[in-house]
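S.K.: Below is a structure I'd like to ask you about.
None of the figures in this text is laboratory data; all of them are computed from the coordinates on show. Because the structure is a prediction, the values reported are computed rather than measured. FYI the Cβ positions are ideal-geometry reconstructions off the backbone, even for glycines, and counts take in every protein chain you see.
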Amino acid sequence: MQRTKIGIKELMLKPFSVWEHDWFLLTAGNFENNDFNTMTVAWGSIGCMWNKPFVQVVVRPSRHTIKFMDEFDTFTLCRFPKEHKKALSYLGSTSGRDVADKHVVAGLTPIAVPGADAPGFDEANLIIACKKMYWQDMDEKNFLDESIMTKYPGETDFHRIYFGEIVHCEIVTSH
């Protein structure tokens, strides 16, 4: 597998499909110290904010990953070929509080990524490294569309929003 660094302006994605159908692994922490956690995310955005290329991700306060997102300045997003969908499903439904090296159980290999303390994964076909530049907790009083509350039935575990400046991007160019 050969990885190629690409400029963010060269990245071609189908924005709805990449989140809703492909999913990403969001990883925060420190690869060198094996102190990181990863979770599957299907909600977010990629674009331009404050004249910088950015990714926006959301994490519920109840998730184990939030500790790593708050503690570390960088995070990665990884997209995978379809054959890894089962691994992503496992990583989205299993807490790092219960299974410390859940990426090992899922069969994924962490690798160093330029621009991030958190790892990417060797099996990924797209790795995006981000440096946090903003966060904010969602406030239900600001939900203007009443249907949003159907995503939080009986809960108050509203997501924390993170904006990360994209500092590195690489794709798999051949196998």
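S.K.: Given Gly44, Gly96, which one is surrounded by 13 or more Cβ atoms within 10 Å (Cβ to Cβ), in contact with a Ser or Thr (Cβ under 8 Å, 6 or more places away or on another chain) and not hydrophobic (A, V, I, L, M, F, W, C)?
M.R.: Gly96
S.K.: Further question on the same structure: List every residue pair whose Cβ atoms sit under 7 Å apart, with the two residues 6 or more apart in sequence or on different chains, where the first one lies in the range 114-141 and is in contact (Cβ under 8 Å) with a residue 12 or more places away in the chain and over 13 Å from Cys169 (Cα atoms) and the second, anywhere, is part of a strand (DSSP E or B) and of a type in the set (D, E, K, R).
M.R.: Met133/Glu165; Trp135/Arg160; Asp137/Arg160
S.K.: If we scan the range 104-113, do we find a residue that is under 27 Å from Glu155 (Cα atoms) and touching a residue at least 60 places away in the same chain (Cβ under 8 Å)?
M.R.: We begin by selecting, within the range 104-113, every residue under 27 Å from Glu155 (Cα atoms); these are none.
No, the conditions are met nowhere in the range 104-113.
S.K.: Now a separate question. Quick check on this structure: which one of Gly120, Gly29 is on the phi > 0 side of the Ramachandran plot and either crowded, with 24+ Cβ neighbours inside 10 Å or of a type in the set (Gly, Ala, Ser) (or both)? If you could, list the steps in order and put the result at the bottom.
M.R.: Numbers: Gly120 fails: on the phi > 0 side of the Ramachandran plot.
Matching residue, one of Gly120, Gly29: Gly29.
S.K.: Cβ contacts < 8 Å: first residue hydroxyl-bearing (Ser, Thr, Tyr), restricted to the range 42-60; second residue buried (at least 16 other Cβ atoms within 10 Å of the Cβ) and assigned to a strand (DSSP E or B), any location; separation 6+ or different chain. Result?
M.R.: Ser45/Val55; Ser45/Gln56
S.K.: I'd like to check something: does the range 48-55 contain any residue that is touching a helix residue (DSSP H, G or I) at 6+ places or on another chain (Cβ under 7 Å) and surrounded by fewer than 17 Cβ atoms within 10 Å (Cβ to Cβ)?
M.R.: Step one: filter the range 48-55 for residues touching a helix residue (DSSP H, G or I) at 6+ places or on another chain (Cβ under 7 Å), giving 53.
Next cut, surrounded by fewer than 17 Cβ atoms within 10 Å (Cβ to Cβ) only: none.
No, the range 48-55 has no match at all.
S.K.: Restricting the search to the range 123-168, which residues are farther than 27 Å from His103 by Cα, surrounded by 13 or more Cβ atoms within 10 Å (Cβ to Cβ) and among the β-branched types (Val, Ile, Thr)?
M.R.: Ile148
For (1) of a type in the set (Phe, Trp, Tyr); (2) within 30 Å of Gly7 (Cα to Cα); (3) under 18 Å from the mean Cα position of the chain (by Cα), each residue gets a yes or a no:
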site	(1), (2), (3)
Ser95	no, no, yes
Asp101	no, no, yes
Pro114	no, yes, yes
Ala118	no, yes, yes
Leu126	no, yes, yes
Tyr134	yes, yes, yes
Leu144	no, no, no
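S.K.: Let me ask something additional. Residue by residue through the range 17-63, note down the ones that are assigned to a loop (DSSP other than H, G, I, E, B) and under 17 Å from His168 (Cα atoms). Reasoning before the result, please.
M.R.: Of the residues in the range 17-63, the ones assigned to a loop (DSSP other than H, G, I, E, B) are 23, 31-34, 42-43, 50-51, 60-63.
Of everything in the range 17-63, those that are assigned to a loop (DSSP other than H, G, I, E, B) and under 17 Å from His168 (Cα atoms) turn out to be Phe31, Asn51.
S.K.: Since Lys52 meets every condition but one in (1) closer than 16 Å to Thr74 by Cα; (2) under 15 Å from the mean Cα position of the chain (by Cα), which condition does it not meet?
M.R.: Among (1) closer than 16 Å to Thr74 by Cα; (2) under 15 Å from the mean Cα position of the chain (by Cα), the lone unmet condition for Lys52 is (2).
S.K.: Next question. Count, please, the residues in the range 78-93 that happen to be exposed (fewer than 14 other Cβ atoms within 10 Å of the Cβ), of a type outside the set (S, T, N, Q) and farther than 23 Å from Ile166 by Cβ.
M.R.: Qualifying residue count for the region: 3.
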